[in-house]
Amino acid sequence: MSEIIRARDIVKRYGTFTAVDGISFSVTAGECFGFLGPNGAGKTTTIRMITCVSPLTAGELTVDGMDVRQEPRRIKAALGVVPQDNNLDPDLSVRQNLRVYGRYFDLPRRLVEERIDESLALFQLSDRANARIASLSSGMQRRLTVARGLINAPKILVLDEPTTGLDPQARHLVWQKLRYLRSQGVTMLLTTHYMEEAAHLCDRIVIVYQGKIIAEGTSAELVERFAGRQVVELHVGEGDRAPIVERLAGLEGVSVEEVEDIIYVYVLSENGFDPAGLKLEATRVVYRQANLEDVFLRLTGRGLAE
Amino acid sequence: MNAIALRRRAIIRPDVSLRALRVWQRHRDVYLQLWKSELIWPLVEPLITLFALGVGLGGLVELESGQSYIEFIAPGLLAVWPMWSASAECGWGSFFRMENQRTFDAIVATPVSIEDVITGEILWGATRALISTAYILVVISAWGLVDSPLALLVLPAAVIPGIMFASISLSYTSVAWSISSLNYFFAVFITPMFWLAGVFFPVERLPEWAQTVAWWLPATHAVKVYRALTSGELGWSHLGDVVWMVVVAAAFYVIALYSMRRRLVK
């Protein structure tokens, strides 16, 4: 397993504001590595440093063995970047967009044409090859943006919130394509604030919060470690809360959190403890599997980060 | 310590390469897509100017040199309408690509550097000026307003003011906070130049202080050079005008590079 991205204590400061506060991580070739975090956590800034468009304030960052400070052009030649905001060329057709983009990499024309045909077929856009960008749905535009990022057959595909703003159908179609690429051995780096997306696609996840990495692992590991197996949500009126919280506080292997009108009970251990046996008095009781969202909210808090 | 200083210098040195041509090609492709609507202004405006001022107003004007008025203004138009083309391209055009379409972001994600993008913008602005110059040259030649075969040199010469106006305009764009704030540049700089750079009357007609101001206007020098080329009365002073424009073009190219990078690399 070879290391393809290596970050050591990388820092990004804007004046007195520290956007990325000394993070370290390592991405292995062939894996899908996810940055999960709320808005403003430093995900996009980290991506911008990796893609050599934002200079580091401090730290060491190598991509495919090259220092981002020394070899930005060669690194960018090995990357495929799918930005958060759509920046396709609205005045050009689908095919022209890909052709123009391929030219930035100095790729031979014939190779680009071949890849365009393959890509359009893979992303189900072949029949729209000559369509104008404005006539595409947002899902199609997103798929085209991913296809564009693949024009140079990159070693690493970097995706900044690849499905933000898409409806569920469009999102699942993008996911399906990304899973296919992963199965083809493309290393992927993605940022997201969709838990489902991270759980779905990423082999390994780091949770970023206020410019720092606060947890790292597979989706299952993170859930196990920070949210346990099961969660009970108790919707309780204000007056009845205190006795319930008191009763739960004494239990072992259980972690309790009170948020507004809901009490969350995280069942951490698996020593046969059955939350159903509690027979709690509440307006509404929900038993469910713990998930990445629980981890996320427990670690980064429930208040608005902005 | 030494290593850090070196590294910092490496970041600050502009990284311009031939990939700037890729940016130029992108603009050309978009232009070829939109040429019908892009071409209408530069096509119509010079004709209207020649007709209204040359034919209409010209009938009332008698020049000391005995030249007809339309003959007098024709070479000036070779300078000022292309000035508009280059400035508009690197003003509204570049700003729109940078802020609205995020085209620059898309390009710098590839092996093209931000300095290549800036250079490509300027080359394209100059190309737009060249297209406009060629068109006006054909029109005024067909109109019989050109006296010397030296006029053919207008085309290679037009590269210099083209790059100059594109660089000046992009330098302003690099500090423009909104697309409407570009109006200041056009209202306070480009439009006065259009009227005062010696296209419609000899600069010598102005009071002395205004002549001094006119000397500082880049368009004045382009007008002088074109006037000399189309009439065949080329002198050494025109070399001075060319050098003046080369120096200003180079200075503003460097300003555009650094100022744009300061805006975009964060």
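The values are calculated or read from the model by the stated rules, or taken from the named source; none is laboratory data. Being a predicted model, the structure only gives us computed values, none of them experimental. Counting neighbours? That spans all protein chains shown, and the Cβs are built from the backbone with ideal geometry, glycine included. These area figures cover heavy atoms from the full protein model, side chains too; ligands, DNA and RNA do not enter into them. Shrake-Rupley method; radii C 1.70, N 1.55, O 1.52, S 1.80 Å.
Here are the numbers for the structure shown:
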{"read-out": "Filter pass, A:Leu190 being closer than 30 Å to A:Phe17 by Cβ and of a type in the set (A, V, I, L, M)", "value": "yes"}
{"read-out": "Filter result for the condition that a residue is assigned to a helix (DSSP H, G or I), farther than 18 Å from B:Pro82 by Cα and of a type outside the set (D, E, K, R), over B:Leu150, B:Leu130, B:Leu170", "value": "B:Leu150"}
{"read-out": "Unique residue being buried (at least 22 other Cβ atoms within 10 Å of the Cβ), among the acidic types (Asp, Glu) and more than 14 Å from chain A (Cβ to nearest Cβ) when the list is B:Glu62, B:Glu71, B:Glu89", "value": "B:Glu89"}
{"read-out": "Criterion (open to solvent by less than 20 Å² (accessible area, probe 1.4 Å), more than 12 Å from every other protein chain (Cβ to nearest Cβ) and farther than 19 Å from B:Arg102 by Cα) met by exactly one of A:Leu111, A:Leu173, A:Leu125", "value": "A:Leu125"}
{"read-out": "Condition met for B:Asp147 (acidic (Asp, Glu), within 14 Å of chain A (Cβ to nearest Cβ) and open to solvent by 10 Å² or more (accessible area, probe 1.4 Å))", "value": "no"}
{"read-out": "Residue, surrounded by the most Cβ atoms within 10 Å (Cβ to Cβ), within the stretch B:92-112, restricted to residues that are facing another protein chain (nearest Cβ under 10 Å) and of a type in the set (S, T, N, Q)", "value": "B:Thr110"}
{"read-out": "Residue selected from the stretch A:61-81 under the condition assigned to a helix (DSSP H, G or I) and crowded, with 18+ Cβ neighbours inside 10 Å, by the criterion farthest from the other protein chains (Cβ to nearest Cβ)", "value": "A:Ile75"}
{"read-out": "Total residues in the stretch A:153-177, condition assigned to a helix (DSSP H, G or I), free of Cβ contacts under 8 Å to residues at least 40 places away in the same chain and not charged (D, E, K, R)", "value": "7"}
{"read-out": "The one condition in (1) closer than 16 Å to A:Met188 by Cα; (2) surrounded by fewer than 17 Cβ atoms within 10 Å (Cβ to Cβ); (3) of a type outside the set (D, E, K, R) that A:Phe25 fails to fulfil", "value": "(2)"}
{"read-out": "Residues that are assigned to a loop (DSSP other than H, G, I, E, B) and of a type in the set (A, V, I, L, M), drawn from the stretch A:135-151", "value": "A:Leu136, A:Leu150, A:Ile151"}
{"read-out": "Tally, over the stretch B:252-266, of residues that are open to solvent by 30 Å² or more (accessible area, probe 1.4 Å) and in contact with a helix residue (DSSP H, G or I) (Cβ under 8 Å, 6 or more places away or on another chain)", "value": "6"}
{"read-out": "Selection status of A:Thr164, surrounded by fewer than 19 Cβ atoms within 10 Å (Cβ to Cβ), under 20 Å from B:Gln101 (Cα atoms) and β-branched (Val, Ile, Thr)", "value": "yes"}
{"read-out": "Sole residue being without any contact (Cβ under 8 Å) to a residue 24 or more places away in the chain and either under 16 Å from the mean Cα position of the chain (by Cα) or within 19 Å of B:Pro14 (Cα to Cα) (or both), chosen from B:Phe185, B:Phe189", "value": "B:Phe189"}
{"read-out": "Residue check, A:Ala131 modelled with pLDDT of 95 or more, surrounded by 14 or more Cβ atoms within 10 Å (Cβ to Cβ), aliphatic (A, V, I, L, M) and out of contact with any His (no Cβ under 8 Å at 6 or more places or on another chain)", "value": "yes"}
{"read-out": "Residue in the stretch A:2-16 that is under 19 Å from B:Val117 (Cα atoms) and in a loop (DSSP other than H, G, I, E, B) present", "value": "no"}
{"read-out": "Which numbered condition B:Ile118 fails, given (1) within 14 Å of chain A (Cβ to nearest Cβ); (2) open to solvent by less than 30 Å² (accessible area, probe 1.4 Å)", "value": "(1)"}
{"read-out": "Single match in A:Arg13, A:Arg69, A:Arg6 (criterion: under 25 Å from A:Ala198 (Cβ atoms) and basic (Lys, Arg))", "value": "A:Arg6"}
{"read-out": "Residue selected from the stretch A:82-104 under the condition facing chain B (nearest Cβ under 9 Å) and open to solvent by 20 Å² or more (accessible area, probe 1.4 Å), by the criterion nearest to the chain's Cα centre (by Cα)", "value": "A:Pro83"}
{"read-out": "Residue match in the stretch B:229-239 (condition: part of a helix (DSSP H, G or I), in contact with a Pro (Cβ under 6 Å, 6 or more places away or on another chain) and buried (at least 16 other Cβ atoms within 10 Å of the Cβ))", "value": "yes"}
